Amino acid sequence: MTTAPRREALSVLLVRNSSADRDRVADMLARSRRNVYALDWQSGYGAALRAIEDGRHDVALIDMTLDDGLGAHLLREIAEDPGAAPAVLYGVPADSGIEAWAIGAGAADCLVEGELSAALLDRALSHAWERRQAAARFHYLSNFDPDTGLANRVQFRGIVERAVSQARRRDDMIAVVIVGLDSFKFAVETVGRAASERLLGAVIERIKTCLPDEQSLARLGDDSFAFVVDAMATIDDAEPVAIRLTQAMSVPFEIGGHDVFVAISVGIATYPICGWDADTLAASAGTAMGRARLKGHNCHQFYTRKMTAQELQRLVLQTSLHRALERQELILHYQPQVDLRTGLITGAEALVRWQHRDFGLLGPAEFIPVAEETGLIIPLGAWVLTNSCRQVRTWEDQGLPDLRLAVNVAQRQFRAHAFPEAVAKALAQSGMTADRLNLELTESTLMEDTEASHATLARLRAMGVGVSIDDFGTGYSSLSYLKRFPLDTLKIDKSFVNDVSNDPEDAAIAEAVIGLAHNLKLNVIAEGVETAEQLAFLKDRGCDAIQGNFFSPPVNAEAFAELVRKNRARIAAA
Ligand code: C2E
Ligand code: MG
Ligand code: MG
């Protein structure tokens, strides 16, 4: 960037219709004493606009007597483009109010009609240019480090912000890396003040050779630098850069006959894991750099921290489960349901998990509520339905017929107008028969709008699909509705199962639910069975089936198939 006084010609773009006018202006400029001018000329609006946007001219000189208010249009465009040349208007009608408007709209100067003279033009053009230079100088000083020409803290923040928004759009990651010079003051003392500038320059050059994009290198303080690694697929992508840097610095600099070592410490913070905005990322990288320094010279350190629930929520929103679906990050686990009379595994409950590439396995409690809030539960629920039904078909193809499938349905999913169609579609796509599917709904889902619930349940039952009430006992269902709704199973909530063998009240509730279910001609299954005592109690009270870690926790599809094979072999042998 040049900020020194101008010696070469000032390039002026004249926007004017007639060539006669061009000659008149050219003649005036030629007589100027202050500056040498190079005149360029455009007449059409489009061509003029392109020339202005090119940014090749120092000043634009626009005729306000142009047809159709073209001058005013051009001025508006120029005012919006910070890189455009400053505009001087001429031919502005006197006392028209246009002058005041134009200055307000960003014109550098206005020359009233009939006022065009060589001296005035010269003064207006050079003032416009000087003011622009002053502004550019100010911009430069507030965005760049004057000693090194690198971006400063302010500019770096903009660099990070742009990288973050790009990463958000492209759904990839970036790292903010801070490089601290550990022993720079000592090194400067070795080479002497005079050579310290050369040393600093050499350090910067060496840092640059290690970077994927040296444009992002910034100087944050006397002895700290920062840069961005963008378009990363995983957080590990920043590590090779850090290693290159620390290795590069283990080689001494040769300055003025001295071999000087400059050790560094490197701190890394990645978006979206460590932060969502430039300030947080820079602060996290700074913290990590401090930790790296504690490890010794030429070390690097990632910023690490557990995510808060709120951050996780934002993550779900931001990365949107759609992409989790596309990338096949969602997986299904299956928990066996066991018939207490026969001991046979009759089927499985499908339980969704999110195998996140950075946060590991996330349970449904962590993301289903957010998915419900955002409506993402609709595609997610459809995915669960389709894929679990397909899995049942796969087991069948592997020689494991007659398994039933329980699938959880969220309130918003159940309320969606096309829910029965989504179920029908999942069944059609998988080829699983409807009578093997059981949908698990909570009491609150059903009770929220009993009329609508009734209608949807009726449609599902007409298709042949079964319906269970999940977590039964924790909600507030009214008995009369329980009787009216076409249901087939009550699922005793695990909180009552928990203490059946110790707490008489829980035992009484479990027993009552079993009795109630049987009275209503419904099946009853107990969930969360963890101990032999609980199992014995439930069996004794006539509970039909159980599900729980005592028999098996939720497992992946292969492991589930293995459980079923062993279970069937054992029962057949007995
Ligand atoms: P749920 O439908 O009541 O599922 C039973 C939960 O109890 C599961 O938790 C299961 O892993 C856990 N569990 C099973 N046996 C035991 C045991 O012996 N002891 C204890 N303490 N827990 C046991 P998970 O998989 O974390 O699922 C939590 C809830 O998330 C589910 O509760 C269900 O409401 C919801 N959910 C899971 N998958 C889906 C889905 O695909 N769609 C929707 N809408 N919700 C789902
Ligand atoms: Mg369930
Ligand atoms: Mg439950």
- [ ] Run through every distinct alpha carbon pair of region 314-573 and return the Kirkwood hydrodynamic radius in angstroms, one decimal place.
- [x] 18.9 Å
Task: Environment charge of Val160, counting only residues whose C-beta is closer than 12 Å and scoring Lys/Arg +1, Asp/Glu -1 - done: -1
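Could you order peptides 176-182, 428-434, 213-219, 347-353 by the average number of other Cβ atoms within 10 Å of their residues, highest first?
Working: 176-182: 25.4, 428-434: 15.4, 213-219: 18.9, 347-353: 23.3.
In decreasing order of mean packing, 176-182, 428-434, 213-219, 347-353 become 176-182, 347-353, 213-219, 428-434.
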Task: Rg(Cα) / (2.2 N^0.38 Å) computed for the chain, rounded to two decimals - done: 1.49
TODO: Taking amide H positions as placed in the peptide plane 1.01 Å from N, state which residues far from Gln337 in sequence (5 or more) or on other chains have amide H under 5 Å from it.
DONE: Thr346, Gly347, Ala348, Glu349
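Of Lys494/Lys539; Lys521/Lys566; Lys185/Lys295, which pairs sit farther than 26 Å apart, going by alpha carbon to alpha carbon?
Exceeds cut-off: Lys521/Lys566.
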Open item on the list: Tell me the net charge near Val266. Cut-off is 11 Å between Cβ atoms, Val266 excluded, with +1 for each Lys or Arg and -1 for each Asp or Glu.
Closed with: +2
Task: Net charge dipole size for the chain [Lys, Arg +1 and Asp, Glu -1 on Cβ; Debye, nearest 20] - done: 840 debye
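Rolling a 1.4 angstrom probe over the protein heavy atoms, how many square angstrom per residue are accessible across the chain?
Working: 27040 Å² over 574 residues.
Per residue, the chain has 47 Å² of solvent-accessible surface.
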Task: Rel. contact order, % - alpha carbon contacts under 8 angstrom, at least six apart, the chain - done: 8 percent
Open item on the list: Taking just the alpha-carbon atoms of region 75-165, what radius of gyration and Dmax come out, in angstrom?
Closed with: 17.6, 53
Task: Gap separating the Cα centres of region 466-484 and region 401-446, nearest whole Å - done: 17 Å
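The values are calculated or read from the model by the stated rules, or taken from the named source; none is laboratory data. Note that the structure is predicted; figures quoted are calculated from it, not measured. Every residue, glycine among them, receives a Cβ derived from its backbone with ideal geometry; neighbour counts consider all protein chains shown. Please note that ligands, DNA and RNA were not included when accessible areas were found on the heavy atoms of the full protein model with its side chains. Shrake-Rupley method; radii C 1.70, N 1.55, O 1.52, S 1.80 Å.
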